[in-house]
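**Student:** Provided herewith is a single structure, encoded as structure tokens, for subsequent inquiry.
The values are calculated or read from the model by the stated rules, or taken from the named source; none is laboratory data. As the structure is a prediction and not an experimental result, all values here were calculated from the model. Neighbour counts run over all protein chains shown; Cβ positions are idealised from the backbone, glycine included.
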Amino acid sequence: MINTDDEQQKRYAVMDDTIPTKERIIAWPRMGNIDLSMEALVSSLGAKIVMPPQNTNEALEIGVKNSIEGICLPYKLNLANYVMALEQGANTLMMFQAPGSCRFGNYTKMAQKTLKKMGYKFDMCVFDMYQSKMKQTLAAFWHVTRCINPFRYYKGFSTGFNKAFAIDTAERLLFYTRPRELNKGDAEKCYKKWYQIIRETTSISGCKKLKKQVIEDFKKIPIDKDKIVPKVYLLGEFFVLLDPYTNQEIEKTVGDLGVEVQRQIFFSDWLEHVLKPSLFYKKESHRERCVRYAKDYMKRAIGGECIETVGDTVYGARNGVDGIIHIMPFSCMPEIVAQNILPKVSKKEDIPVLELVLDEQTGKAGNITRIEAFIDLVKRRKLREVNKNDNKIKK
Ligand code: SF4
């Protein structure tokens, strides 16, 4: 457990000032759609960017080869992203840090040591968004860009935030529309179109309009409004939830089986919660809601997304959700705790839970079979419930 600021500071990679600003080429690890916001911010501050390729088996191989065996899967992929970016010419690596009791607190320092041993020369710039909200974040971006123009920061943050909200809205609508669409593939096509538009929009005014435009466009897709569609919450560890390679595009698999997925963690929600000054954050945050709902099963957060996993399961069970899919990387410490609490929650709150543990050995076929069996169970439960309600109305 980390107790003091000094101890926390020791876990950070040491920043290096020797790279001239003009020569800096910035990269960061891949994780879902985070690139859209980071690209908007970094390029608005005038810096050059290198994007490592999307996560693939090749990236995973690089990560596995250069990491200790027991470390978490997200670390292995982060490390591979750094290696691939450095090979493409990056010399400045950015990463956010978080306090807490799991291995995430050591990611950057471990990666820095490993990459140095591998012979790379680079600066690793780490910022803790939880500790000082905007202050450290601004300091980190100033460190790598030396940009002193406040308008550029305003533009970067404004476009970055609006892009995050727009793409997350598109994802939510994709999850809602996919199981209801009349023409197979319409929702996916619409999402891909908007991903591209969101990426290419750079003006402040253009980015502000994106979310509304996304909603309008999804509304045009013909859907079966009367179809009985069960609702499943997808929850678990942050990285595997957001990274489609690691989670084997589980939202698509479940959606194609005629079920609406509601992922419980979105980048924009998290961004708003950690960066917005508490004074302006009036609503109950996702974490606060989870703490409230988890209280019968655990007394405090123990790191990672453990309390979110438990709290969301209880919340879902009490609010008409038909099933829970809990995904976690192999050996993830907080999620192992959640995994051991969930059977009790499932029994007490009467909600089916499917556990999927993902690691580099995971074959897709085995998981698809388990998901299909689970969805079959969820659908039968839903139909039973609908018939029961119909009978009540008839009586
Ligand atoms: S939450 Fe789990 S996977 Fe993520 S760093 Fe912590 S232990 Fe590793």
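**Student:** Given the structure, is Thr159 of a type in the set (Val, Ile, Thr), surrounded by 21 or more Cβ atoms within 10 Å (Cβ to Cβ) and closer than 21 Å to Leu275 by Cβ? Don't jump to the end; show me each part of the working.
**Tutor:** Details: of a type in the set (Val, Ile, Thr): yes; surrounded by 21 or more Cβ atoms within 10 Å (Cβ to Cβ): yes; closer than 21 Å to Leu275 by Cβ: yes.
For Thr159, the condition - of a type in the set (Val, Ile, Thr), surrounded by 21 or more Cβ atoms within 10 Å (Cβ to Cβ) and closer than 21 Å to Leu275 by Cβ - is met.
**Student:** Restricting to segment 15-57, count the residues that are more than 24 Å from the chain's Cα centre (by Cα) and of a type in the set (Asp, Glu).
**Tutor:** Initial filter on segment 15-57 (more than 24 Å from the chain's Cα centre (by Cα)): 15-25, 45-48.
Cutting the leftovers down to of a type in the set (Asp, Glu) gives us 16-17, 23.
Counting residues in segment 15-57 that are more than 24 Å from the chain's Cα centre (by Cα) and of a type in the set (Asp, Glu) gives 3.
**Student:** Give me the pairs, please: first residue somewhere in segment 109-126 and more than 17 Å from Lys76 (Cα to Cα), second residue anywhere and of a type in the set (Ser, Thr, Tyr) and assigned to a loop (DSSP other than H, G, I, E, B), beta-carbon distance under 6 Å, and either six or more positions apart or on two chains.
**Tutor:** Matching pairs, first to second residue: Val126/Tyr12.
**Student:** May I ask you to list the residues in segment 273-292 that are at pLDDT below 80 and either under 15 Å from Thr309 (Cα atoms) or of a type outside the set (Phe, Trp, Tyr) (or both)?
**Tutor:** Narrowing segment 273-292 to residues at pLDDT below 80: 273-282.
Passing the criteria: His273, Val274, Leu275, Lys276, Pro277, Ser278, Leu279, Lys282.
**Student:** Please verify whether segment 44-57 includes one or more residues that are assigned to a helix (DSSP H, G or I) and surrounded by 18 or more Cβ atoms within 10 Å (Cβ to Cβ).
**Tutor:** Keep residues of segment 44-57 that are assigned to a helix (DSSP H, G or I), which gives 44, 57.
Now drop any that are not surrounded by 18 or more Cβ atoms within 10 Å (Cβ to Cβ), which leaves 44.
Checked segment 44-57: at least one residue is assigned to a helix (DSSP H, G or I) and surrounded by 18 or more Cβ atoms within 10 Å (Cβ to Cβ).
**Student:** Let me ask another. For Tyr245, all conditions in the list (1) touching a residue at least 24 places away in the same chain (Cβ under 8 Å); (2) surrounded by fewer than 20 Cβ atoms within 10 Å (Cβ to Cβ); (3) farther than 25 Å from Ile371 by Cα hold save one; what is the number of the exception?
**Tutor:** (3)
**Student:** If you take just the helices (runs of 4 or more DSSP H) that sit entirely in segment 164-260, which of them hold at least 1 residues that are acidic (Asp, Glu), more than 16 Å from the ligand (Cβ to nearest atom) and in the same structural domain as Asn319 (by TED's automatic domain parsing)?
**Tutor:** Numbers: elements: 186-200, 204-219, 238-242, 250-256.
So the answer is 250-256.
**Student:** Only helices (runs of 4 or more DSSP H) wholly contained in segment 67-151 count here; list those with 2 or more residues that are within 14 Å of the ligand (Cβ to nearest atom), under 24 Å from the mean Cα position of the chain (by Cα) and not small (Gly, Ala, Ser).
**Tutor:** Numbers: elements: 73-87, 107-117, 129-132, 134-145.
Because the criterion is at least 2 residues that are within 14 Å of the ligand (Cβ to nearest atom), under 24 Å from the mean Cα position of the chain (by Cα) and not small (Gly, Ala, Ser), the helices (runs of 4 or more DSSP H) in segment 67-151 that meet it are 73-87, 107-117.
**Student:** While we're on this one: If the requirement is being within 16 Å of the ligand (Cβ to nearest atom), in contact (Cβ under 8 Å) with a residue 40 or more places away in the chain, closer than 29 Å to Asn57 by Cβ and among the aliphatic types (A, V, I, L, M), which of these qualifies: Ile265, Ile325, Ile371? If you could, list the steps in order and put the result at the bottom.
**Tutor:** Numbers: Ile325 fails: within 16 Å of the ligand (Cβ to nearest atom); Ile371 fails: within 16 Å of the ligand (Cβ to nearest atom).
Residue meeting the stated conditions: Ile265.
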